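Take a look at the structure set out below.
The values are calculated or read from the model by the stated rules, or taken from the named source; none is laboratory data. Treat the numbers as computed from the prediction; the structure is a model and nothing was measured. Methodologically, a virtual Cβ is constructed for each residue, glycine included, from the backbone with ideal geometry; neighbour enumeration extends over all protein chains shown.
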Amino acid sequence: MSLIRAARPKSVTFITTVIARMALAGAVVATSLAPVRVQAAAAPDRPAAHAGLASSLRSDRATAASAARARRIARGMLRSFDWTRRQFKYLDDLWDRESGWNVSAQNPYSGAYGIPQALPPGKMAVAGRNWRTSARTQIRWGLGYIKGTYRSPRRAWSHELATGWY
């Protein structure tokens, strides 16, 4: 299930995303083992591309805000599953790797969906009718899955590290 994102620092993921979008918008992107340099291409006839880049960066900020909100929801639910707040570190690592805390994340290979990367996705419906769009519903289902299968986020994370899936 972790085919969506390899384990890497969040800053690397963000930088990679920005560079990829800049390249698509017509910027000249030079990369090597040295620090990345991005130089704007002379493209006065492409103002729409630059507007698209600005729009996608705003979208990234909105996605980051949604992920932060989802993390707060999950942190608040830990106690109801008889876990201490110390378990959140493992849950955060697990779901950051699986979905980046994105309610719409979909694995193109397996079809797994949502923050917990449920497979098949429809089984999250037992947690609520709004399972496709609600972080709270997906998190509730995911925490129940972890509790029933691994007993704790720490054990689920250990399994993820050992096998590449949970």
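Being over 23 Å from residue 153 (Cα atoms) and at pLDDT 95 or above: is that true of residue 108 here?
Details: over 23 Å from residue 153 (Cα atoms): yes; at pLDDT 95 or above: yes.
Taking the combined requirement at face value, the residue satisfies it.
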Report task. Determine if segment 105-123 includes at least one residue that is surrounded by 16 or more Cβ atoms within 10 Å (Cβ to Cβ) and touching a Lys or Arg at 6+ places or on another chain (Cβ under 6 Å). Result -> no
Report task. Return yes or no: is residue 115 among the aliphatic types (A, V, I, L, M), outside any helix (DSSP H, G or I) and touching a residue at least 12 places away in the same chain (Cβ under 8 Å)? Result -> yes
Requested in this report: Check segment 67-90 and report whether any residue there is within 30 Å of residue 149 (Cα to Cα), of a type in the set (Ser, Thr, Tyr), exposed (fewer than 14 other Cβ atoms within 10 Å of the Cβ) and at pLDDT 95 or above.
Outcome: yes
Requested in this report: Could you tell me whether residue 165 is in a helix (DSSP H, G or I), at pLDDT 95 or above and at negative phi?
Outcome: no
Query raised in the report: Any residue at all in segment 100-110 that is under 22 Å from residue 161 (Cα atoms), touching a residue at least 12 places away in the same chain (Cβ under 8 Å), aliphatic (A, V, I, L, M) and part of a helix (DSSP H, G or I)?
Result: no
Report summary line: Filtering segment 131-151 down to residues that are in contact with a Gly (Cβ under 7 Å, 6 or more places away or on another chain) and part of a loop (DSSP other than H, G, I, E, B) yields 134
Query raised in the report: Does segment 118-130 hold any residues that are closer than 9 Å to residue 141 by Cα and either part of a loop (DSSP other than H, G, I, E, B) or touching a Phe, Trp or Tyr at 6+ places or on another chain (Cβ under 6 Å) (or both), and which are they?
Result: 124, 125, 127, 128
